[in-house]
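Read through the structure below, which is laid out as C-alpha cells, and then see the notes.
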Amino acid sequence: MTVALGGQLIAQLYGQMSADEALGPTMPRLLLGARLRRLRKQRGLHRQDAARVVGSEARLVSMELGLIGSLLDDVVALCDLYEVEEHGTRVVLVEMARQSRRPGWWQPFRQLIPAWFLPYLGSEQTAGVIRSYAVQSIPDLLQTPDYARAQLSSLPDKITDEQMDLRVQLRMRRQRILHSDQPTRIWTIIDEAALRRPLGGPVTMRRQLEHLRGLCTRSNIAVQVLPFELGGHPALGGPITMLRWRTHELRDLVFLEQLDSAVYPLRPGDRDYYRHAMNLLGTQAPPPERTPAILDQLINSM
C-alpha cells in the first residue's frame, strides 16, 4: 500500500527545506539510504545478507549511499527482511522510495551534466553548510555570470554557444541556495592565485572581485584568502569541498573535483582527514574579517 504524504509530514521528514528541495530526489535518497543501512545493522546483517533481495551488493551499497533511486518493491523486500513491522515506518520508507525517483529540477540541463557530477549537484542543493578550498578559480556558487562564462570557456571540451548559455544558467540557478529564506552557509578558502588569475579580462575580473566583496557582508558567507607567501599547506593536492546536511542523520560528504571526473571519499577516516585539512587551512589563512580589505587591495591594484 502507498500513501501520499502531506506538506507537514514532508517537512518533518526532510527538515527545513523549500518545497522544491523536499520534492526533489536527493534528500529522500540520502535519508532512505541512511535509514535502510541503520535497520540492516540493527538486525546484525552484513551487506551480503541483504543484497540478495535487491539483486546485487553493488545495488544495495548504492541505495544505502543514496546514489540511486530505490524501487518500491526493493524497499518492501528489505522491510520484510529487516522485520519492520510498524506500519507508519514502512509507509514513510516506501514514500521516500517513491520520491527518490522523482526528476530533479536540473533535468532540463541534464545533457550538459556529467554523471560524476550529479551526486554532488543534488547534495549541494540540500546541504546546510558547504566548506570548500578553491585553487584555480573562484567557487561556482560565488561567481558572476561573465566570470562563469570565462571559466567555462577555458575548459578543453568544445560546446556550442547555446550549450554555453545553458551551462551559465545552470551555475546561476545553483546559487539560489545562498539567497533562500534559510540560506545555505558557505565557508570558503580561496587561494590568492585564483583571485589574481584574470579570467575574462580586467573588466570581468574586477566585477567578480567586487561581487565577492559584496558577498562578504552576508551573514551566511565567510570567505578567507590563502596568501601566496604561505608556501606548503595541507591541501596542495587540489580543491576540496565538504557538505554537511541540516539533519544529523546523514554523514558529511567529501567531493574532490578533477578535470573530467571526481572522487567521493566515503570512509569515516577520509572525512576526518579532509575535515582536519580544512580546519588547518582556516587557521593558516587570515580570518574572514580581513577579507574585504584584501579584496579592496586587489581591486585597487587593477
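The values are calculated or read from the model by the stated rules, or taken from the named source; none is laboratory data. Quantities reported herein were computed from a predicted structural model and do not represent experimental measurements. Positions of Cβ are backbone-derived with ideal geometry, glycine not excepted, and every protein chain shown enters the neighbour counts.
Applying the condition of being assigned to a helix (DSSP H, G or I) and without any contact (Cβ under 8 Å) to a residue 24 or more places away in the chain to segment 81-93 and asking which residue is farthest from residue 31 (Cα to Cα) yields 87. Among the residues of segment 263-283, those that are under 17 Å from the mean Cα position of the chain (by Cα) and buried (at least 18 other Cβ atoms within 10 Å of the Cβ) comprise 274, 278. Scanning segment 249-302 for residues that are within 30 Å of residue 203 (Cα to Cα) and among the hydroxyl-bearing types (Ser, Thr, Tyr) returns 291, 301. Does residue 62 count as in contact (Cβ under 8 Å) with a residue 24 or more places away in the chain and of a type in the set (Ser, Thr, Tyr)? Taking the combined requirement at face value, the residue does not satisfy it.
If only one of 189, 177 is over 22 Å from residue 258 (Cα atoms) and under 23 Å from the mean Cα position of the chain (by Cα), which one is it? Unique residue meeting the criteria: 177.
Whether any residue in segment 115-126 is under 24 Å from residue 237 (Cβ atoms) and either loosely packed, with under 14 Cβ neighbours inside 10 Å or modelled with pLDDT of 95 or more (or both) is what I want to check. Among the residues of segment 115-126, at least one is under 24 Å from residue 237 (Cβ atoms) and either loosely packed, with under 14 Cβ neighbours inside 10 Å or modelled with pLDDT of 95 or more (or both), which makes the answer yes.
Applying the set (1) in contact (Cβ under 8 Å) with a residue 40 or more places away in the chain; (2) β-branched (Val, Ile, Thr); (3) part of a helix (DSSP H, G or I) to residue 130 leaves exactly one unmet item: (3). Going by what's in this entry, would residue 77 be described as touching a residue at least 24 places away in the same chain (Cβ under 8 Å), assigned to a helix (DSSP H, G or I) and surrounded by fewer than 20 Cβ atoms within 10 Å (Cβ to Cβ)? Yes, satisfied.
Scanning segment 174-190 for residues that are out of contact with any Pro (no Cβ under 9 Å at 6 or more places or on another chain) and touching a residue at least 40 places away in the same chain (Cβ under 8 Å), which turns out farthest from residue 106 (Cα to Cα)? Among those that are out of contact with any Pro (no Cβ under 9 Å at 6 or more places or on another chain) and touching a residue at least 40 places away in the same chain (Cβ under 8 Å), it is 189. Looking at 263, 223, just one residue is modelled with pLDDT under 95 and within 27 Å of residue 120 (Cα to Cα), and that residue is 263. From the list 27, 1, 96, 63, pick out the single residue that is more than 27 Å from residue 263 (Cα to Cα), among the hydrophobic types (A, V, I, L, M, F, W, C) and either part of a helix (DSSP H, G or I) or at pLDDT below 85 (or both). When all the criteria are applied, what remains is 1. Residue count for segment 140-197 under the criterion of being over 22 Å from residue 214 (Cβ atoms) and outside any helix (DSSP H, G or I): the result is 7.
Yes/no per residue for (1) within 19 Å of the chain's Cα centre (by Cα); (2) surrounded by 16 or more Cβ atoms within 10 Å (Cβ to Cβ); (3) in contact (Cβ under 8 Å) with a residue 12 or more places away in the chain:
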{"residue": "195", "(1), (2), (3)": "no, yes, yes"}
{"residue": "199", "(1), (2), (3)": "no, yes, yes"}
{"residue": "227", "(1), (2), (3)": "no, no, yes"}
{"residue": "237", "(1), (2), (3)": "no, no, no"}
{"residue": "245", "(1), (2), (3)": "yes, yes, yes"}
{"residue": "250", "(1), (2), (3)": "yes, yes, yes"}
{"residue": "285", "(1), (2), (3)": "no, yes, yes"}
{"residue": "294", "(1), (2), (3)": "no, yes, yes"}
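Quick grid of which residues meet (1) surrounded by fewer than 11 Cβ atoms within 10 Å (Cβ to Cβ); (2) among the basic types (Lys, Arg); (3) at pLDDT 50 or above:
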position: 14; (1), (2), (3): no, no, no
position: 17; (1), (2), (3): no, no, no
position: 22; (1), (2), (3): no, no, no
position: 31; (1), (2), (3): no, no, yes
position: 37; (1), (2), (3): no, yes, yes
position: 43; (1), (2), (3): no, yes, yes
